[in-house]
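Step one of this worksheet: look at the structure below.
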Amino acid sequence: MTEERSERGSGDGWEAELARLRLTDASTVRIWHDAFRRLHVQAEGQEEHVDVRPARAFPVTGAADYISFLDGDDREVLLIQNPGALDADSLAALRQALGRAYFVPKIVQILEIEDAHGAARWEVETDRGYRVFDVRDREDVRVIGGSRVLLQDADGNRFEIEDLFDLDDRSRRLLDKEI
Amino acid sequence: METSRIQEIERLLDGDVQEEVPEEVERELAGALDSGERRLMSLYTDITADGEYGDRWFIATDRRLAALGSDNGTVRLEVNLPLDQVRRVRLRDFIGSGALEAITESEAVELIRFSRTIAPQVSRAYHILRRLAVDEEGDSDKRKPGGRPHAARALRCERCGRALAQWSEVCPFCMERGKLLLRLVNYLAPYKTVAIIGFLLTATFSLLQLLPAYITRILIDDVIAPGAFSRLVPILGALAAIHLTRALIGVVRGYMMEWLGARVVFDMRVQVYDHLQMLSLGFFSRKQTGQIMSRVTNDIMRLQFFIADGLQQILINALTVVIICFMLFHAHAKLAALTLLPIPLIGLSTYVFGRLIHTVYHKVWRRWASLSAVVADAIPGIRVVKSFAQEERESHRMRERSESLLDQELRAARLWTFFFPTFGLMTAAGSLVVFGYGSLQVMQGYMTLGVLVMFIQLMWQFYYPVQMLGEMNHRVQHALTSAERVFEVLDTTPEVPEDPGSIKLDTVEGRVEFRDVDFSYEPGKLVLSDISFRADPGQMVGLVGPSGAGKSTLVQLLSRFYDVEDGQILLDGHDIRDLSLRFLRQQVGVVLQEPFLFHGTVADNIAYGAPGATPDAIIAAAKAANAHDFIVDLPHGYDTLVGERGQLLSGGERQRVSIARAILKNPRILILDEATSSVDTETEMLIQEALDRLVSNRTTFAIAHRLSTLRKSDKIIVLEHGRIAEMGTHDDLLDGGGLYSRLCKLQAELSKVRAW
């Protein structure tokens, strides 16, 4: 008991704890879709999991690239840390699945913001095309870390501005009134 | 596809799932469909097959499911799936989007992807499609009609189609400032007499302000210039009388206006608070407490300032400007025109300034709100802050927000300090012109000295109110913003509407029935689905399941904190939406895990649901709740004041007070939401004993994690992922070997450990 406690206190102890995260080495993992559009995931020499969905552990801050695979009962079956180590086919399958799981178009240009005290209609160009949306509350426009902006519209759609300083002057002027 | 099934589906169709499609889509469809094929659904969606924004249409007929995409105006049939191949449909929920898929013997086909904007329609379509597919988990007949369509809240403005601000029914785009001001002025209506007298006094006050200038002219031209000593005293007397009257009127008018402002704001505050109490629970769970409080206090206070001070300033200034104009033109038209020369410039710059300062003020206000939120967050959580030694972090958080507020405040200050000297410069330039031209006129004998002096006096009196009116602009803006926020609260209608024809039952037996109840907080994300069960009068129903399974949501539906999306909840055979909300909630008593005690005495708290209860009844209830003994042991007995959350009492004591509260209310239906889970074993026994007294003869819904407390239940419902996983008595379920028996075994093992 005492031994375990002292171990936890030290830095090495945490390393040991980390190992117990059941973190799987991405280079041993295969990911693919089947004809039923289900995602399969399997670590070398282990059970194959069918119909899983990928979930980012830090989808907003992107603090680390952990990707968890959850089964139909929302239980984690596998956790990987660096998807970059996946083989090309698996990476492509994962990208596709993540692209579906997180539909968050990136705003590249703000054309117009019509604002009337908090409720605003945004007209933007995104990486997925032109879009007009309504923001119900200024709190749905959140600035993270000074330059990233996350938005949620009245219907629950999400948008992102990766770096507001990369926007053109006019877009930034329009944005400035909202944040 | 049998005709009966198609007919059943056709009954469910409505405009939501039968949208009009453009002509080119119709043309493409005409080529693809067989003759005699019946179209059931057509739906627009906004994401293309490639995951880009674009137009796509989903069509369901009695023979196929199809999707058509548009590529630069050319419409193409992208999905064409015969209905007899479809085994199942499935709706997939992603962040920011969703997908509707059809599953055949050999594959899954993505029919459409859709953004959350389209989610409500697709969700409807999905529920109908489930009946079309060949084997929808074999339950296509189970869902019988009977549920009323969910009365969806008007989220969008009827005039412009824009989404309305959160929880608001007001569209700020369609709202006119004039109307807003009028609505604000309307609050003066009950005090018409005072308001009118105040206005008349204000008018007199303004007039009197201008008379001295006029008398000065007489003094110079008719007294000093001709050396008429005899007229000096009466003129001075008149001046003195004017100043005295002005002072008197000032006092009376000032008080009247203050009184008016205070009265109006009093009315408004009461109205807003009354309205807040009426609003549905959903409103409060969406808003931070600090924000709501800010509306009740700060915004209304700002309005008081505006009504008492701002409005009359505007009136005085506007009147003064008009009268001076008249006097100036009457005395010397040409010079008057020169005096007015800088006015357009002043007007324009005031307008520009107003827009700028308004934006900055809004930023200041937002940062102020965010600062308050930090305080409202950290102070109630101070114990956590201290126990994790995070005082510095909290200070830092506060400092950060403070700095950001400071930045914006300084920005506003810079605007102010730049604008007013510039304004002064403009008026000074104007005065130079008047001086120059006026002096020439006097020296050339076209005008008397008295008129020039009067002009100069009036001119200064003229620029001042103009400047003030410029300042007023932002004050009005400010006040209107506050007014808007206050009116937003007032205009929010409860999400749980009460039918005008709602009824009360004479006697309530307490029979509760859920019929095919679906519920979601957000469209498309069902929290509860297909919930059907019955509880007979006096029965006890235990609700178990993992957290997040929907147990608390289920009991909240019973009190109608939210309305079901599909299906019905019946009390004694009546849909609870037909019952008076007040009546319904009178029948339901709730004991929560974390009881909330109000600031007041213990007796007040026990009698909260039954105001006016006699001391006898209060004591009886306390005894039944096993609370009497510890209450009389308190130094002030039943008169002990308990704090904001009843800090003075221990968790178990607070719980027993809240049970006494429920006993005294004597409801037919009782909800115990983990009533015993946060106390020690001994206290739990006391509470359990009290609860046993409370539940007898009442229909009881008990949520519990400790399954032992549910052993006596007549029926146990095991919820999992918002569905009923198992239902039956304790013994039945234990024998069944399902989730419940697993949970029971787990707990039995845990309790062995606990015995230590």
Among the residues of region B:300-314, write down those that are at pLDDT 80 or above and over 12 Å from B:LEU184 (Cβ atoms). B:MET301, B:ILE314
If I ask for residues that are under 15 Å from B:THR117 (Cβ atoms) and at pLDDT below 90, which ones from region B:56-93 would you list? B:ASP93
Sole miss for B:ILE323 among (1) surrounded by fewer than 17 Cβ atoms within 10 Å (Cβ to Cβ); (2) modelled with pLDDT of 85 or more is condition (1)
Consider B:THR245 carefully, then state whether it is surrounded by fewer than 16 Cβ atoms within 10 Å (Cβ to Cβ), at pLDDT 90 or above and either assigned to a helix (DSSP H, G or I) or at positive phi (or both). yes
Which strands (runs of 3 or more DSSP E) does region A:76-168 wholly contain that include 1 or more residues that are within 14 Å of another protein chain (Cβ to nearest Cβ) and either over 21 Å from B:THR48 (Cα atoms) or in contact with a Lys or Arg (Cβ under 8 Å, 6 or more places away or on another chain) (or both)? A:107-116, A:119-126, A:129-135, A:141-144, A:148-152, A:158-161
Here are some residues: B:LEU597, B:LEU558, B:LEU581, B:LEU554. Which one is touching an Asp or Glu at 6+ places or on another chain (Cβ under 7 Å), buried (at least 17 other Cβ atoms within 10 Å of the Cβ) and among the aliphatic types (A, V, I, L, M)? B:LEU581
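Yes or no, residue by residue, for (1) in contact (Cβ under 8 Å) with a residue 12 or more places away in the chain; (2) within 46 Å of the chain's Cα centre (by Cα):
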site	(1), (2)
B:GLY430	yes, no
B:VAL442	no, no
B:PHE455	yes, no
B:TRP460	yes, no
B:GLN467	yes, yes
B:ALA483	yes, yes
B:THR492	yes, yes
B:ASP506	no, yes
Pull up region A:85-103, narrow it to residues that are aliphatic (A, V, I, L, M) and crowded, with 19+ Cβ neighbours inside 10 Å, then point me to the one that is farthest from B:GLU101 (Cα to Cα). A:LEU86
Any residue that is more than 26 Å from B:THR699 (Cα to Cα) and at pLDDT 85 or above - is there at least one of those in region B:540-549? no
The number of residues in region B:1-27 that are without any contact (Cβ under 8 Å) to a residue 60 or more places away in the chain and either of a type in the set (A, V, I, L, M) or in a helix (DSSP H, G or I) (or both) is 11
Hits in region A:37-51 - residues which are within 20 Å of the chain's Cα centre (by Cα) and either assigned to a strand (DSSP E or B) or of a type in the set (Ser, Thr, Tyr) (or both): A:LEU39, A:HIS40, A:VAL41
Within region B:50-89, the residues that are away from chain A (no Cβ under 14 Å) and of a type in the set (D, E, K, R) are B:ASP62, B:ARG63, B:ARG64, B:ARG76, B:GLU78, B:ASP84
If we keep only residues of region B:475-506 that are assigned to a helix (DSSP H, G or I) and among the acidic types (Asp, Glu), then the residue surrounded by the fewest Cβ atoms within 10 Å (Cβ to Cβ) is B:ASP491
Of B:ARG654, B:ARG668, which residue is touching a helix residue (DSSP H, G or I) at 6+ places or on another chain (Cβ under 7 Å) and either at pLDDT 80 or above or not polar (S, T, N, Q) (or both)? B:ARG668
Would you mind stating whether B:LEU348 is closer than 24 Å to A:LYS177 by Cα and away from chain A (no Cβ under 14 Å)? yes
The residue that is surrounded by the most Cβ atoms within 10 Å (Cβ to Cβ), considering only those in region B:347-384 that are β-branched (Val, Ile, Thr) and closer than 18 Å to B:MET398 by Cβ, is B:VAL364
Single residue of B:ILE307, B:ILE316 found to be touching a Pro at 6+ places or on another chain (Cβ under 8 Å), surrounded by 17 or more Cβ atoms within 10 Å (Cβ to Cβ) and on the phi < 0 side of the Ramachandran plot: B:ILE316
Can we say A:GLY72 is closer than 25 Å to B:GLU110 by Cα, free of Cβ contacts under 8 Å to residues at least 24 places away in the same chain and not charged (D, E, K, R)? yes
Those residues of region A:52-73 which are assigned to a loop (DSSP other than H, G, I, E, B) and among the aliphatic types (A, V, I, L, M), in sequence order: A:VAL52, A:ALA57, A:VAL60, A:ALA63, A:ALA64
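The values are calculated or read from the model by the stated rules, or taken from the named source; none is laboratory data. All values derive from a computational prediction rather than experimental measurement. Note that we place each Cβ from the backbone using ideal geometry, even for glycine, and neighbour counts take in every protein chain shown.
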